[in-house]
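Below is one structure, written out as structure tokens, with a few remarks after it.
The values are calculated or read from the model by the stated rules, or taken from the named source; none is laboratory data. From a predicted model like this one, the values you see are computed outputs, not experimental measurements. Methodologically, a virtual Cβ is constructed for each residue, glycine included, from the backbone with ideal geometry; neighbour enumeration extends over all protein chains shown. Side chains included, ligands, DNA and RNA excluded: accessible areas come from the protein's heavy atoms. Shrake-Rupley method; radii C 1.70, N 1.55, O 1.52, S 1.80 Å.
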Amino acid sequence: MDDLIKAQKNPAHQMTEKGRAIEEESFRIVDEEAGPHGFSPLEWPVVRRMIHATADFEYKALTRFSPGAVEAGLKALKEGARILVDARMIACGLNPERLRLFGNEVVELLAHPEVVARAKATGGTRAEAAVAYAWEKGLLDGAIVGVGNAPTFLLALVEAIRQGARPALVLGMPVGFVNVLEAKRALMEAPVPWIVTEGRKGGSTLVVAALHALIRLAADGGVDTSRAYREG
């Protein structure tokens with residue numbers, strides 16, 4: 001029973017002892033090979049998990065945070081904020097047990113009949129239509145929005161923010177070649193908390209990794225317990 005209670009309160013306790021040991025050793029290697037950095041104690045666990053998920057140390061240089069972005073994300077998660085995503089891959093990649101911790105619902109709208117119909121009627125992308133639908137239905141305010149696939153989703157989201165939408169946090173990590181740089185630059189000028197991967201790199205895997213890192217931090221009270229586990 002004690003183990004069940006721990007698993008419900010802390011995502012790390014869902015893992016077996018061997019699984020935790022492998023993860024912690026992976027984090028140790030990332031810390032060692034990444035070397036010095038300028039990220040805060042709350043920011044680095046997010047970047048570390050993104051590197052861990054991709055084995056790509058370039059994210060140490062590419063990842064940017066607006067002031068207080070992680071704090072805003074943790075507060076939203078603890079308050080049960082919905083997580084709106086631009087790709088089914090993100091929704092499928094998020095751990096259901098971790099999401100149940102604070103009751104965070106994942107919403108992905110690209111296949112919604114009204115979204116599909118709107119895209120066909122306007123000639124725009126389903127990503128753009130999904131943002132418009134979410135804005136009309138009041139799904140953007142207070143939400144954590146994860147964008148790992150469609151730059152048009154991010155551009156439409158920034159436009160909604162200009163019109164008054166206020167998501168709690170935006171993870172702007174679309175990957176690609178068309179409108180990617182413009183979308184990320186636009187987000188970094190928007191009046192909302194954001195985490196961005198600069199340049200063309202990004203993807204659903206990174207959004208999942210960042211969200212899992214945030215959930216882990218929220219469960220641990222904003223303390224990087226992976227480091228405490230190794231050092232304690």
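What the table shows:
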| quantity | calculated |
| --- | --- |
| Of all residues making up region 106-137, the number that are more than 16 Å from A156 (Cβ to Cβ) and either of a type in the set (A, V, I, L, M) or part of a loop (DSSP other than H, G, I, E, B) (or both) | 3 |
| Filter result (among the β-branched types (V, I, T) and in contact with a helix residue (DSSP H, G or I) (Cβ under 8 Å, 6 or more places away or on another chain)) within region 154-174 | V158, V170 |
| Search result, residues across region 162-179 that are touching a residue at least 60 places away in the same chain (Cβ under 8 Å) and open to solvent by less than 10 Å² (accessible area, probe 1.4 Å) | P167, L169, P174 |
| Residue, nearest to F57 (Cα to Cα), within region 180-198, restricted to residues that are in contact with a Leu (Cβ under 6 Å, 6 or more places away or on another chain) and either open to solvent by 60 Å² or more (accessible area, probe 1.4 Å) or aromatic (F, W, Y) (or both) | E198 |
| All helices (runs of 4 or more DSSP H) inside region 1-70 with 2 or more residues being modelled with pLDDT under 95 and open to solvent by less than 20 Å² (accessible area, probe 1.4 Å) | 17-34 |
| Some residue of region 88-108 being within 19 Å of V175 (Cα to Cα), open to solvent by less than 40 Å² (accessible area, probe 1.4 Å) and more than 15 Å from the chain's Cα centre (by Cα) | no |
| Within region 161-232, helices (runs of 4 or more DSSP H) holding 2 or more residues that are farther than 17 Å from I144 by Cβ and modelled with pLDDT of 95 or more | 180-188 |
| Neighbours by Cβ (under 9 Å, 6+ apart or cross-chain): first from region 93-105, more than 21 Å from M50 (Cβ to Cβ) and in a loop (DSSP other than H, G, I, E, B); second modelled with pLDDT of 95 or more and open to solvent by 50 Å² or more (accessible area, probe 1.4 Å) | E105/R82 |
| Candidates A119, A129, A76 - the one that is aliphatic (A, V, I, L, M), open to solvent by less than 70 Å² (accessible area, probe 1.4 Å) and within 18 Å of P174 (Cα to Cα) | A129 |
| The lone exception for L211 - which of (1) within 15 Å of the chain's Cα centre (by Cα); (2) open to solvent by less than 10 Å² (accessible area, probe 1.4 Å); (3) under 22 Å from A132 (Cα atoms) it fails | (3) |
